[in-house]
Number of protein chains: 6
Amino acid sequence: MKDTRYDLLGTALVEERIDYTGLELRSHFIRERTGIETDGLIAFIGGCRVEGDALVDLEDAEAGDFIAAERMLHFIGEHFAIGPREGNLRLRLLVAIVRELIEKDITGAGIERRGDDLFAQGRKLTVAISTVSPVSSLMHLGVNIDPAGAPVAAVGLEELGIDPAWLARAVLERYGTECRSIEIALRKVRGVD
Amino acid sequence: MKDTRYDLLGTALVEERIDYTGLELRSHFIRERTGIETDGLIAFIGGCRVEGDALVDLEDAEAGDFIAAERMLHFIGEHFAIGPREGNLRLRLLVAIVRELIEKDITGAGIERRGDDLFAQGRKLTVAISTVSPVSSLMHLGVNIDPAGAPVAAVGLEELGIDPAWLARAVLERYGTECRSIEIALRKVRGVD
Amino acid sequence: MKDTRYDLLGTALVEERIDYTGLELRSHFIRERTGIETDGLIAFIGGCRVEGDALVDLEDAEAGDFIAAERMLHFIGEHFAIGPREGNLRLRLLVAIVRELIEKDITGAGIERRGDDLFAQGRKLTVAISTVSPVSSLMHLGVNIDPAGAPVAAVGLEELGIDPAWLARAVLERYGTECRSIEIALRKVRGVD
Amino acid sequence: MKDTRYDLLGTALVEERIDYTGLELRSHFIRERTGIETDGLIAFIGGCRVEGDALVDLEDAEAGDFIAAERMLHFIGEHFAIGPREGNLRLRLLVAIVRELIEKDITGAGIERRGDDLFAQGRKLTVAISTVSPVSSLMHLGVNIDPAGAPVAAVGLEELGIDPAWLARAVLERYGTECRSIEIALRKVRGVD
Amino acid sequence: MKDTRYDLLGTALVEERIDYTGLELRSHFIRERTGIETDGLIAFIGGCRVEGDALVDLEDAEAGDFIAAERMLHFIGEHFAIGPREGNLRLRLLVAIVRELIEKDITGAGIERRGDDLFAQGRKLTVAISTVSPVSSLMHLGVNIDPAGAPVAAVGLEELGIDPAWLARAVLERYGTECRSIEIALRKVRGVD
Amino acid sequence: MKDTRYDLLGTALVEERIDYTGLELRSHFIRERTGIETDGLIAFIGGCRVEGDALVDLEDAEAGDFIAAERMLHFIGEHFAIGPREGNLRLRLLVAIVRELIEKDITGAGIERRGDDLFAQGRKLTVAISTVSPVSSLMHLGVNIDPAGAPVAAVGLEELGIDPAWLARAVLERYGTECRSIEIALRKVRGVD
């Protein structure tokens, strides 16, 4: 029988620099950039400046806030045909994975996760959001490399001594494994009373 | 990056003879027989005798009917975490695929599909049912090879001159392709107003 | 007790010529044209020219493709409050029904279904797409009558000797019967372990 | 085109006396008694005695309570392929309908609805529960006719001067109309931002 | 352990006059006005004039109708991550609650509910609609205070002698209690066969 | 307005020793033990011995395995009206939380998460499973305190120097906060294209 396997989660590390403005958080951005036809998670490196109407997070928009950093490791994920609750659960898991990988790389890095935010020594390491498009659930996770320009006390991978390319590859692999193992897990149990 | 592909639908042609009694329509039967850990569709050959409490179809049970045939090509499919409506839609597609393959093999076979039943020259070729377990949607499609013992006018693959093993392999491949292409299809469109 | 039946699927053959440009694939187009207040499937005859932003299919849009035919039998379907996976399953069934009816009309027509496309002797007979609106799942199936202008090798009902009006009526009736019988089917089974 | 209408909600007033013990709250009880093949709501008159393991309501079961009345007007409803939240919303609507009909019949009856319970002058008029079977959502609503034997202060239709047969017919018709009009309502709106 | 309770339904009576034009039926309008971060139901008093593109109800839009009243008690509700069927069921319950409270206040008011409309002595007391945004289900219920300008025979709370502020507070409390008790109800039952 | 808050997730640390045999993984076990009427997560301490038919995990059951430990900190969680995919996502988050808390307590503990398992220095610290009941999604997470009797190389909180009662309280609080913040997060975003 011919090979009929399917890529539950396509992943790619985009080599080109992409500055994140918020407009990249749209359906099929992953497809446009990489040709991935399934659910996907991609990583790329670039600046970050999100403000005004591009702010999806109403807490930020209401406060007149903006999101900015000189250089970030960005992750954009897209899962089709799921709702916002599952989308947020997946974002939390993605953020937990980033934390686990950093802690494994640097013992005692003291990274703390509060919901979908990571902090190192009380300073903000990441920004994150999950929302929906008409066809999918989308998420963005930005990990500061150089946090210069951030509106709050922030820290970056550079200062922590972590290689962004290593982290990108490790996260893509771990999140893919996580998604696949969840599908296996929900199929290996009998129901109970 | 290491291979992380996932088998959206595991398929197997079980060589061993299995007589179908209705009790095989249960969650994880596919896993028990083949070790498939994902959604799956398997085929096997064996007798068929379903009666009494083993009848999942209340129309049959109410009428005191039974299902029987000397030898059938059986398909059992299991999709996890989906509901009964999607399960019945998938069964219809599976039955349509069987019809398409027979018609391709034997031009002018005159196979007619009525819902989830196939008829050849007015005689019944198949039995089919879709139901749910606590963890999955399940379906059984039985295609008569030798319909001897059937309670209605019936016909089998033998009389039609169709090789059950060929049909089994073709159906498993086609249904797997169908499932994968549906996943791709729902991810390649933008929404409309 | 007064009659309280409900039309699970309203159907109509629109007599007026409507040229399909892609913009017709929107929520409530069926309602606007026919007054159908439930889920619906309508058929009409007209030209076909879909290009640029009207292309819902990103595969086509990415390739700079267009969809065109001199005259097509169009089907537009709308199911409310369902998601894209169920929408695509229903489109596949609709396409399978078209194939079954053509094959019944012309024995040995040699129509092949590949996903949601039909081919006759290797030439393309149909175009099809399923997508979502904010309130519904929508599908378009166009069957060439006269394929002149198509960007690929194509064939039409005219050449096959099939009456479009007959096919339209037969498809509307069969799809309605299919939808109703699925609802009955999912209600007539007991669950299993 | 032949008639293809579908009964969104089959209803029946069962003439035969049926004493309710709790075991009637099971999938396909409506089908068994009336042959209704769709979602359904039926009414019948009979005694009521539910205790021990037949108590679906854990509040009652934990308290060692029982449910009893000499004669009740019972309603059993079954909706397939929906979850418990929608099931409970439908039960509330059914109870609201009963209240509306009684109030219309007897101006100033002073019926109060608290969740899925009705009270008249502070005495309990009804018992109600919604639960799920493996294939459906089920609900039972019992309206006291003669509340003798009830473990709490209770009142019945007899004392209120309401004809149970009239109420049964009116509720069946009103609930059917409600279900159909909800389906129409959700299909007649455009989405908003 | 610190207090970790969650407001299943935030409610607020907005003191400021807001004239309803239809544009208020949008996602996060409640959040903008009141800061409520959960599902919510708010009430306010103001004029009503909805016409043209602001009409979400296609029945009205098709007929070239408009909705108008000099002064209404408005309710806007938003439930996130639910679909249109549940949204319409909740609207019906909200309307039933309004009716129950008016009837309790004025015995024999003769309020009749037809779907999501209320009538007093055959004149229209309310307008209502449920629709979806990309992130939520939304509903608007307007209860006439002074119906002057309404395009149909209408009646208002003023004429009925009902205090709008009292009704607003009572509805907000009752609907909140209803939502909470539904969540409790679906968690207190065991499943059945 | 009276207080109408709702406990999105009831939590409790059960003081009494409960030995886990697998049978505790059933709907309403939390309710029976603690009276919690909402979704819930409870913790207790006791032995662990799961074998034979009590094994919900078919991987274990197939292998003839058993689960055992002298003393564990057990967590049982129940979320109603959700499916198995969301249930597994929530279990992963719960396991990630346990890891985060241990690492915070003991810098450099070297706890590794693989799916829903935790390992310390390559030895197994936890067992975990998520399944469904007819009314809910259920999960069990057992953290070894004293792993004596475990069928694989295992480690416990005792050896790691972690106070089980502290961990229990911290996990209950953190998971509750996580659940609530997810509900807030999905309500604070606008949709995107």
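Since every read-out is calculated from the coordinates, none of them should be taken as a lab result. These figures come from a predicted structure and were not determined experimentally. Here the Cβ is made from the backbone with ideal geometry for all residues, glycine too, and neighbour counts use every protein chain on show.
Quick one: Karplus J couplings for segment B:90-99, per residue in order, coefficients 6.51, -1.76, 1.60, θ = phi - 60°, nearest Hz, x for Gly and Pro?
In residue order, the calculated couplings are 5, 4, 4, 5, 4, 5, 4, 5, 4, 4 Hz.
Which distance in Å, rounded to a whole number, links the C-alpha centroids of segment A:119-175 and segment F:63-105?
The distance from the Cα centre of segment A:119-175 to that of segment F:63-105 comes to 26 Å.
Using θ = phi - 60° and the Karplus relation 6.51 cos²θ - 1.76 cosθ + 1.60, list the HN-Hα couplings for segment C:150-156 in order, rounded to whole Hz, with x at every Gly or Pro.
With the stated coefficients, segment C:150-156 comes to 5, x, 10, 4, 9, 9, x Hz.
Taking K and R as +1 and D and E as -1, what net charge do the other residues with C-beta under 14 Å from the C-beta of residue A:178 add up to?
+3
Label position 7 Å from Cα toward Cβ: report the copy-to-copy distances for residue A:17 in nm, one decimal, ordered from shortest.
Reported distances to equivalent positions: 5.7, 5.7, 6.5, 7.2, 8.9 nm.
How far apart are the residue A:70 label points across copies, placing each 7 Å from Cα toward Cβ, in nm, shortest first?
For residue A:70, the other copies' label points sit at 5.5, 6.7, 6.7, 8.4, 8.8 nm, shortest first.
If amide hydrogens are placed 1.01 Å from N in the peptide plane, which non-local residues have theirs closer than 5 Å to the one on residue E:132?
Long-range HN contacts for residue E:132: D:192, E:138.
Sorted from shortest, what are the nm distances separating the label point of residue E:53 from equivalent points in the other copies, each placed 7 Å from Cα along Cα to C-beta?
The projected label point of residue E:53 is separated from its counterparts by 1.4, 1.4, 6.4, 6.5, 6.6 nm.
So what is Rg over Rh here for segment A:87-148, counting just Cα atoms and using Kirkwood for Rh?
1.02
What percent of all Cα-Cα pairs in segment F:1-157 falls in each 5 Å bin, counting up from 0?
Over segment F:1-157, the share of Cα pairs per 5 Å bin runs 2, 9, 17, 22, 22, 15, 8, 3, 1, 1, 0, 0 percent.
Looking at segment D:1-76, what % of its DSSP beta bridges pair antiparallel, to the nearest 5?
Bridges in segment D:1-76 are about 60 percent antiparallel.
Under the definition of partner shielding as Cβ atoms of other protein chains within 10 Å of a residue Cβ, what is the mean value for peptide E:92-100?
Across E:92-100, the average partner-chain Cβ count within 10 Å equals 4.
Residue by residue through segment E:103-120, which ³J(HN,Hα) values in whole Hz follow from phi under the Karplus form 6.51 cos²θ - 1.76 cosθ + 1.60 (θ = phi - 60°), with glycine and proline marked x?
With coefficients 6.51, -1.76 and 1.60, one gets 5, 5, 6, 10, 4, x, 5, x, 7, 10, 9, 10, x, 9, 10, 10, 10, 10 Hz.
What number, in percent, do you get for the relative contact order of chain B if the mean sequence gap of Cα pairs under 8 Å and at least 6 apart is divided by its residue count?
Relative contact order, chain B: 22 percent.
Work out Dmax and Rg for segment D:1-94 from the C-alpha atoms and quote the Rg first, both in angstrom.
15.2, 58
Give the Cα extents of the protein assembly as shown along the principal axes, in whole Å, largest first.
78, 74, 58
Any of D:188/E:188; F:104/F:124; A:104/A:188 with alpha carbons more than 24 Å apart? Name them for me.
D:188/E:188; A:104/A:188
For peptide E:68-78, what's the mean number of Cβ atoms from other chains within 10 Å of each residue's Cβ?
0
Neighbour counts of other C-beta atoms within 10 Å: give me C:57, F:163 arranged from fewest to most.
F:163, C:57
Amide H of residue B:81: which non-local residues (sequence gap of 5 or more, or other chain) have their own amide H closer than 5 Å, using H built in the peptide plane?
B:136, B:137
How would D:139, A:72 line up from fewest to most surrounding beta-carbon atoms within 10 angstrom?
Final ranking by Cβ density, sparse to dense: D:139, A:72.
Please report which chain D residue places its beta carbon nearest the axis carrying chain D onto chain F, with the distance rounded to a whole angstrom.
Residue and rounded Å distance to the axis: D:134, 4.
So who's got an amide H within less than 5 Å of the one on residue A:8, skipping anything under 5 residues away but keeping other chains? H placed 1.01 Å off N, in plane.
B:6
How large is the Kirkwood hydrodynamic radius of segment C:149-191, counting all unique pairs of alpha carbons, in Å?
One decimal place: 13.3 Å for the Kirkwood radius.
Remind me, relative contact order of segment B:1-64 in percent, using alpha carbon pairs under 8 angstrom and six or more residues apart?
Once normalised by length, the contact order is 41 percent.
Would you work out the relative contact order for segment C:55-163, in percent, from Cα pairs under 8 angstrom that are 6 or more residues apart?
The value is 34 percent.
Roughly how crowded by other chains is peptide F:126-136, in terms of the mean Cβ count from those chains within 10 Å of each of its Cβ atoms?
6
Taking the Cα atoms only, what angle lies between the long axis of helix B:164-186 and the longest principal axis of chain B, rounded to 10 degrees?
In chain B, helix B:164-186 runs at an angle near 30 degrees to the longest axis.
Scan segment A:1-80 for GluC sites (Glu not before Pro) in coil per DSSP, keeping those whose Cβ has at most 13 other Cβ atoms within 10 Å, and list them by number.
Those that pass, being in a loop and sparsely packed, are A:15, A:16.
So how strong a dipole does segment D:58-193 carry about its Cα centre when Lys and Arg Cβ are +1 and Asp and Glu Cβ are -1, to the nearest 20 debye?
The dipole of segment D:58-193 has a size of about 620 debye.
For segment B:68-193, what does the convex hull of the Cα positions come to per residue, in cubic angstrom?
133
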